[in-house]
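K.L.:
First the structure, then my questions, so here it is.
The values are calculated or read from the model by the stated rules, or taken from the named source; none is laboratory data. Here the structure is a predicted model, which means the values were calculated and not measured. Note that we place each Cβ from the backbone using ideal geometry, even for glycine, and neighbour counts take in every protein chain shown. Each accessible area value is taken on the protein alone, full model and side chains, heavy atoms only, with ligands, DNA and RNA left out. Shrake-Rupley method; radii C 1.70, N 1.55, O 1.52, S 1.80 Å.
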Amino acid sequence: MGWDGTGRDGAAAAAAVLCRRDGAVADYRDRPGGDCAPRDTGSCRGDAAGDGKGNPGAAGPGAAPSVRLWSDFLNVHLHPRSLYVIRQYLHDGDCGSLEAFGQGESLLQDPACLEELEDRLHFFVEECDYLQGFQVLCDLHNGFSGVGAKVTELLHDEYSRKGILTWGLTPVLSAVGDPQKSFYRVMNTALGIAHLCRHSSLFCPLSLNGSLGIKPQPPVTFPYIKYDASLDYHSSAIVAAALDALTAPYRLCSCQGSMLHFADSLTFSGRKVVAAWAALPLPALSGSSLPDILSAHQQDLPWKLLSSCREQKLSCCFAQSVVLRGICQEKSSSSCPGQPRSPLHSCDSPEQVLQQFLHTQFPGAFSTAHVLQQPCDTRPPFPQFFSPLLTTRGFLLDKAQGFSSAGVESIPVLAALQSSPGLLPLLSGLCRELRAPSARRWSSLGTAGLEHDDFQEALEELRTLAQCYETGLGAGGSEDEADSD
Amino acid sequence: MDEWVGKERGGPAASHVCWGRGAAHPPRAARRLVSGSGDIKLTKDGNVLLQEMVSWGCSSHGDLGRDLRTPLSERESHPPLPHPPLSIESKMSLGMRQIQHPTASLIAKVATAQDDITGDGTTSNVLIIGELLKQADLYISEGLHPRIVAEGFEIAKEKALEVLEQVKVSKEMDRETLIDVARTSLRTKVHAELADILTEAVVDSVLTVRKPGEPIDLYMVEIMEMKHKSETDTTLIRGLVLDHGARHPDMKKRVEDAFVLTCNVSLEYEKTEVSSGFFYKSAEEREKLVKAERKFIEDRVNKIIELKRKVCGDSDKGFVVINQKGIDPFSLDALAKEGIVALRRAKRRNMERLTLACGGTAMNSVEDLTPDCLGHAGLVYEYTLGEEKYTFIEKCENPRSVTLLIRGPNKHTLTQIKDAVRDGLRAVKNAIEDGCVVPGAGALEVAVANALVKHKPSVKGRAQLGVQAFADALLIIPKVLAQNSGYDPQETLVKVQAEHVESGQLTGVDLSTGEPMVAAAAGIWDNYNVKKQLLHSCTVIASNILLVDEIMRAGMSSLKG
């Protein structure tokens, strides 16, 4: 479907996703030059840290040190119409970049630019037989949040009753940053979230950052991946793999719901923001069955939060859509005879197993489960940053077997989109940090085309949004309802 | 382009506007300024920005004066430009946000305002302001206070406007006159052969969309680009061109004498709640529900087919459906079987124009379809160009919206023609709305300068000098015209002035001979409101700049430091 390649470097690029059943939004730009280090260096560093065994063979074609831009990693050939280069701004360097929300917004207020975008969009939309909707991938930390806001508004106006699923991306932020720059980043993020939510059916922040606030938190870690957080190449690969799994429910030919219904099932009661979780890879012993794998994680779910809000032990959510891929073919190998060991073992199909598991883990939540046979493909240009404890197919090695030397070609993934109270700290945190900006900052922001009233309105919207996620239990409570039986 | 750049004319007043810097660029010094989002950022200094503002998009080694002067060559067979320069409008709109230098930004703003209000005269605007500053500086450097100069400018402006009123020619705006006006405007922008083709197309399109007693809406003239053939294949289409085709192999590629149904009705099966997996128990039940849903769509398609049968009967008239929403393959198939050509997902902006071009009304539901809501087109055909398809809806009766189809071999040409066409349209519109025109080719400026010199003795005190400066500054227009055509500016100017005084007629520069000529007789007409706006805005801005002169200088030195 042309998804993997497009999405792979999606962490920070406001990239479009073109697939036959969905629409397309084209908002490309070049990647910052210095950020993407050569592929082979990256993978070697990751492996070397693990066991000293470099993996130069896995680098694959095009691993020359001259590889600098995201497009060099992209294997999909993009239609020339799917690219629109914004010429007014530079993407790299100290000045002239698209850095403020207002700049991005005003870019699309220019009739010529808007017309051009509409034309390009129309070119692809006209070709769609059954248009489901649009996936918008958009940077939150810079002026592209403004571009995204206008694009979703355009889509909302032009294609009512189509699903608009928006993914707000933020690259991994360096721990030490100019406080003023951080402030603007937070401002762009807050404005972006407020505006993107307004016109989207669903909004999900995607990032490996521990926090989107002024003070960056250390990035998310994965037990079987050793990635270099400073490389967009690595971080975006993780986000893209998660995105690939998360969006499967409405991208499969076999599924019945459209994007709009997918969004509706998650976003009731005004909770338009959802959080993404992913286990990359899902820790599973080679050859074990799905019920075995899942029952091993009864106490401690293996997935990590990819939405930059504080992870809570409390497993509680309003609604979720969970996708599991790359496991089920293993089931037949270890069907144990006689008495089923747990309720999970008594289910017939993998979907039912997963559904049952979710039911016990999240009682009272509205959960939908999807199981895909196909694992997530991790052959190059996907970075080889996996732990040597994984087999070629991404399963855990038995201890006796020692380390694997081959590259990891695919991994099983468990990913979920959750509408959960855990988003409250993210949303209210942004409001809190922006509440008292100094006057000096305001004066300069005025020039970037942002009215004070608009800003207050956006903050108010965020606050209203945050209120939707309040539970009676009090935010960040320590109730442990995940006590499974 | 360098051949036509004569001696550089850097005046002292150019200390803040670097007119004649020539090829010697200042070192591109990086200066710390405040960026849009408020933090300090590295940027270039004002002069560099000013130069880049005008050379934006073409070679970055352009110099302001040269770049601005070249486009201003008027009428009849001036030496063909190797690369006709981009029109200043596009540069202005692109460059505006890059300009940080206060004076440059002021001038750019005037030029933009001029473009917004009249659509033409931006180049003249920049030239005149520059020349006003230069002439004023001659006097100021001799100790005259800038305020006195500004006063003189004000008096001169009043007088100039008076002269403008006297020389304007009110006449009926027939096609001939409008063609003259459009030609004068277009020949300054594209080469002569193309200009003549565009002239006719532009005038005809405005005359078509004109409704008596109503202001002309130029949005009714759609400008469509097609990267194809050469620029002289640009045509006026009395109808519409859509940039997509029908999506069914069996639909006809060419229909004559067709009914056109414009609608905004979804003919696309959308998955609704029943199919999303929670409301049915078995596969059969789901099938049934899906079928029931599909029936909705089928009913709509059938309504359209019914109407087609009703209006077309057995005749071989065509029937075209243009839908703003989607049409799925099943519906397309059903329509194709009936010989209906269907286009889906038409752009919103085209929908409005469709009903204006073809007649009929846009339907939002199929419930109340009647033959009255159908439009008509003489010819509808599909044209494939590479992987792009175009649908031409032509030969509409009495279209109130037309399309100018611009063709050209490359993007650059297309943009250039597009800009020229826009200006041409504005010029024609202006002429119709003014109801009068003024002689072009520098004739007006010569006449005004002459009148000002005569008027000067009646002005009291030193303000006379301001009047004189104003008169001299206006003469930059005929001078640049002569210079751009390869003649000696002074010599030509003197000849033209002499001729004007002698004959009393409005005499301009004949660019093919360099000799004086009577502009009106040669059919060179400019827009009245362009000239009026020019006189107004140039005076105001030049005075403004003069009055803050001292502050400017201080600002410049701090920028340089």
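K.L.:
Among residues other than B:Thr234 whose Cβ falls under 14 Å from its Cβ, what is the net charge (Lys/Arg +1, Asp/Glu -1)?
P.N.:
Details: positive: B:Lys189, B:Lys227, B:Lys229, B:Arg407, B:Lys418, B:Arg422; negative: B:Glu193, B:Asp196, B:Glu200, B:Asp204, B:Glu222, B:Glu225, B:Glu231, B:Asp233, B:Asp419.
Net charge in that neighbourhood comes out at -3.
K.L.:
Could you tell me the distance between the Cα centroids of the stretch B:409-447 and the stretch B:220-234, to the nearest Å?
P.N.:
After rounding, the separation between the Cα centres reads 18 Å.
K.L.:
Just to confirm my numbers, what's the Cα centroid distance between the stretch A:100-139 and the stretch A:264-304 in Å?
P.N.:
What the calculation gives is 33 Å, centre to centre.
K.L.:
Separate question: At what distance in angstrom do the alpha carbon centres of the stretch B:346-404 and the stretch B:124-191 lie from each other?
P.N.:
44
K.L.:
Oh, and also: Past 26 Å, Cα to Cα, is the threshold; run B:Lys109/B:Lys134; B:Lys295/B:Lys337; B:Lys229/B:Lys429; B:Lys303/B:Lys337; B:Lys109/B:Lys347; B:Lys211/B:Lys325 against it and keep the listed order. Numbers along the way, then the final one.
P.N.:
Working: B:Lys109/B:Lys134 20 Å; B:Lys295/B:Lys337 18 Å; B:Lys229/B:Lys429 29 Å; B:Lys303/B:Lys337 14 Å; B:Lys109/B:Lys347 33 Å; B:Lys211/B:Lys325 31 Å.
From B:Lys109/B:Lys134; B:Lys295/B:Lys337; B:Lys229/B:Lys429; B:Lys303/B:Lys337; B:Lys109/B:Lys347; B:Lys211/B:Lys325, over 26 Å: B:Lys229/B:Lys429; B:Lys109/B:Lys347; B:Lys211/B:Lys325.
K.L.:
Considering every residue in A:124-130, what mean count of other chain Cβ atoms within 10 Å of its Cβ is obtained?
P.N.:
Per-residue shielding by partner chains comes out at 6.
K.L.:
Just counting partner chain Cβ atoms within 10 Å, what average do the residues of peptide A:109-116 show around their Cβ?
P.N.:
Counting other chains' Cβ atoms within 10 Å and averaging over A:109-116 gives 1.
K.L.:
Return the long-range amide H neighbours of A:Ser207 (sequence gap of 5 or more, or a different chain), with a cut-off of under 5 Å between placed amide H atoms.
P.N.:
A:Ser307, A:Ser308
K.L.:
Just how much of A:Arg81 is accessible, in Å², when a 1.4 Å probe is used and the result is rounded to the nearest 10?
P.N.:
Accessible surface of A:Arg81 is approximately 50 Å².
K.L.:
Quick one: what are the phi-derived ³J(HN,Hα) couplings along the stretch B:238-250, Karplus 6.51/-1.76/1.60 with θ = phi - 60°, whole Hz, x for glycine and proline?
P.N.:
7, x, 9, 10, 9, 8, 8, x, 6, 9, 10, x, 8
K.L.:
In Å² (nearest 100), what accessible area is buried between B and A, both sides summed, heavy protein atoms only, 1.4 Å probe? Intermediate results must be reported in sequence, preceding the final value.
P.N.:
Values: alone 25010 and 20470 Å², together 42130 Å².
Buried area between the two chains comes out at roughly 3400 Å².
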